[in-house]
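The values are calculated or read from the model by the stated rules, or taken from the named source; none is laboratory data. Everything quoted here is computed from the prediction, not taken from an experiment. Cβ coordinates were reconstructed from backbone atoms using ideal geometry, including for glycine residues, and neighbour counts include every protein chain displayed. Heavy atoms of the whole protein, side chains included, go into the accessibility calculation; ligands, DNA and RNA do not. Shrake-Rupley method; radii C 1.70, N 1.55, O 1.52, S 1.80 Å.
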Amino acid sequence: MQATMRVGRVPVRLRRTPVDFGIIFGLVMICALIAATVGWQVWHTNRIYSGVTVAGVPVGGLTRSAALNRVSESLWRYPLPSISVTNGSRQWPITTDDVRVSTDLLAAVNRAYLVGRIDSWSGNLGDQAAAVLGAVDIEPEVLLETSQLRFTIDQIAAEIREPARAATQMGSVTVPAKAGVDVDVEATVNALTAALENRLPGQPIIAPLAVVELAPPAESTAGTSTDMSGSPSSASTVPSIGPLLLRDAQFGLAFALDPATLQALSLAGDPTSVDEGKLRALLESWAAQIDVTPRNARLRFDQATQSPVVVQESRAGRKLDIDATLATVKWALASGNTSADLTVTAVLPEVDSNRVAEMGIRELIVGETTYFAGSSGERIRNVGVAAAKFDGVVIPPNGIFSFNQFVEDVSAANGFEDSLIIWGDRTAVGIGGGVCQVSTGIFRSAYAAGLPIVERYNHGYVVSWYGEPGLDATIFTPTVDFRFRNDTGAYLLLEPVMNAEAGTLTINLYGTKPNRQVIISDPVKTNIKPPPPALYTVDESLAPGQTKQVDWAAQGMDVEVTRTIIENGATRTEKLVSKYQPWRAIYLVGSAADIPASARGAAVDAVPVQADSAPETTVEPATVETGAVETGTVEATTPVTTETAPSGPDQ
């Protein structure tokens, strides 16, 4: 009899090798690193990245408002860099007692906030790591008050100025002519300010006085001399009068009219009378030195308190009253006085930081978002630079907002980089691509709030970054602007909120909501035109067989958007008409053989036109503001067409 014995299944033991433990440990560390990175980014939302400093003041981990408060408290008297002027072996230091210094702390804080936010993903992490290691310090821009600087340089120049002297004959003795020495104050001031703008951190600024040699007069005019025969000869004489000193007690300013200047301004050689035209021209040159534009306050809306806080203090300006000063000079000369009033008046800012509570900024009126995900790193940086220029901008009641006023010059010197722009009939590389993301965002918020649009132009063709066509706004400084009027009866606070990672830009408008309802229709497209045939261009930098697309086809069309505003029982309707050109695709190819046979008739042999050689177009007169009507239809803009395209590129 055969017995069957069942053998039980032997359990298999898994043995972990050091390699397995290493892999598990690596995976755990990667997960922890990802979690830490995400947490780091979330915690720094709306905060400056840790480690960043402004002029040595730590601002990492702070919101921009808190950072500005900290640097304002720490740098209330920002130290003036070592500045001096020289002439030969002589040197004159310039201190804060000689010139008033101001710093743009708001711009420095905005630059600090952009650290680690406007580059590629890897570049941003690298910038954040550099900040943590203490390698990122933002130095504020130092601004010198040029009128005081001119006065200081003029005082220094008095020490080396020498009048020119003509040759004179005294009996048998000839006194030779002597050249004079003068100082070009304006050129010296320009050299100092240029050196200040271009200096490296910690670098002293030394600029030579712009010395000018004065040629001696052709003959002596100093009193009576003796001719070759020993007989006295009368030289030309100048009626003498002492210098006239003009002072302003309010601002501590002083200017002087010396005898030579009074003689040049006189009528018929009589220094007690004056040529008004010449004197006015001189006073206008003084005004360029004296006048200071007032600075408006900038604010930020505090969500916790639902009220605005000051992030940049306002500052009064000043202006020379030319007519009043001219009258006092004439009076002083006629009456024999040696002093007169320099009439300078204070100019108050439109947005006063001392009156924030009276501005009516109490709630969000509207917030519109545009999208730029997928943009190049350069375009994203330009969006960030442009958006920062509008942070905290306040528009007073009935004030006109001008985009170009705040964005200023779109140039590399103003922080912008090369990116794609619309130039003429194609897209090209130029400074400032991405700025129109901001102008379009502000336009959409103003349009959605029912604000009157004073000036607006659409792009030359349909640009995908701006979504549905018909609600974009292009600018080109300084000729093509976007402007709107604040008709809400209260102040308006503009707040750009940029999320570089998500590719969004939201423009919030805070103030007091008017009693109005705004209804915006969907865009209506008509006159649709197909894009022209693609253009192929031979580019010798590409290898044969290689093709690169640099422009994309877009249909031409007319787009009409209707805005209906219901306010206080009255209804008005406005039409916004935009005309877009059809746009062709453009390809670069390595050789003529790579051009499709169907497109060879349209091919060209040169690379596409770049911004520095693009054809110019013309500008039609600026659009006019829409009138307020109770009912009916109003044309809100003069849209851009092929005949009314802006001069230069759409940015």
Separation of the Thr562 and Asn190 label points, Cα + 7 Å toward Cβ, nm: 5.8 nm
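Quick one: Cα convex hull volume of the stretch 484-573, Å³ per residue? Write out the running numbers ahead of the final one.
On the way: hull volume 18.5 nm³, N = 90.
Once divided by residue count, the hull of the stretch 484-573 is 205 Å³.
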Using θ = phi - 60° and the Karplus curve 6.51 cos²θ - 1.76 cosθ + 1.60, what whole-Hz ³J(HN,Hα) does each residue of the stretch 581-597 get, with Gly and Pro shown as x? 6, x, 10, 8, 7, 10, 10, 9, 10, x, 7, 4, 5, 7, 7, x, 4
Distant-in-sequence amide H partners of Val344 (H built 1.01 Å from N, under 5 Å): Asp321
In order over the stretch 494-511: 3J(HN,Hα) from phi, Karplus 6.51/-1.76/1.60, θ = phi - 60°, whole Hz, x for each Gly or Pro, gives 9, 10, x, 10, 10, 10, 5, 5, 7, x, 10, 9, 10, 10, 9, 10, 10, x
Positive-pole candidate from Leu320, Met359, Ala340, dipole of the stretch 295-423, charges at beta carbon: Ala340
On average, how much area does the Cα convex hull of the stretch 428-578 cover when viewed from any direction, in nm²? 12.3 nm²
Short version: ³J(HN,Hα) in whole Hz for each residue of the stretch 471-486, in order, from phi by Karplus 6.51 cos²θ - 1.76 cosθ + 1.60 (θ = phi - 60°), x for Gly and Pro, what are they? 10, 10, 9, 9, 9, 8, 5, x, 8, 10, 10, 10, 9, 9, 10, 8
Amide H of Asp551: which non-local residues (sequence gap of 5 or more, or other chain) have their own amide H closer than 5 Å, using H built in the peptide plane? Ile586
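Averaged over every viewing direction, what's the projected area of the C-alpha convex hull for the stretch 17-85? Give it in nm², one decimal, please. Write down the numbers at each step before the final one.
Details: hull surface 32.5 nm².
Approximately 8.1 nm², given one-decimal rounding.
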Given a 1.4 angstrom probe, what's the average accessible area per residue across the stretch 422-559, in square angstrom? 37 Å²
Which far-off residues, 5 or more places away or on another chain, put their amide H under 5 Å from the one on Ile83, with H placed in the peptide plane? Ile94, Ile205
Debye, to nearest 20: dipole size of the stretch 340-411, +1 on Lys, Arg Cβ, -1 on Asp, Glu Cβ: 260 debye
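Once you order the gyration tensor axes a ≥ b ≥ c over the Cα atoms, which shape class does the stretch 304-403 get: rounded for a/c under 1.5, otherwise prolate or oblate by comparing a/b with b/c? Write down the numbers at each step before the final one.
Details: a/c = 4.12, a/b = 2.26, b/c = 1.82.
Taking the square roots of the gyration eigenvalues as a ≥ b ≥ c, the stretch 304-403 is prolate.
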Mind computing the radius of gyration and Dmax over the alpha-carbon atoms of the stretch 518-570? Å is fine for both. 21.2, 69
In the structure shown, of Lys278/Lys319; Lys525/Lys575; Lys178/Lys278; Lys548/Lys579, the pairs separated by more than 23 angstrom at the C-alpha atoms are Lys178/Lys278; Lys548/Lys579
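For Ala553 and Asp275, calculate 0.36 nm times their separation in residues minus their Cα-Cα distance, and state this gained length in nm to one decimal. Walk me through the intermediate numbers first.
Details: separation 278, 0.36 × 278 = 100.08 nm, distance 6.53 nm.
Here the segment from Ala553 to Asp275 would lengthen by 93.6 nm.
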Per-residue SASA entry for Lys529, accessible area with 1.4 Å probe, Å² rounded to 10: 90 Å²
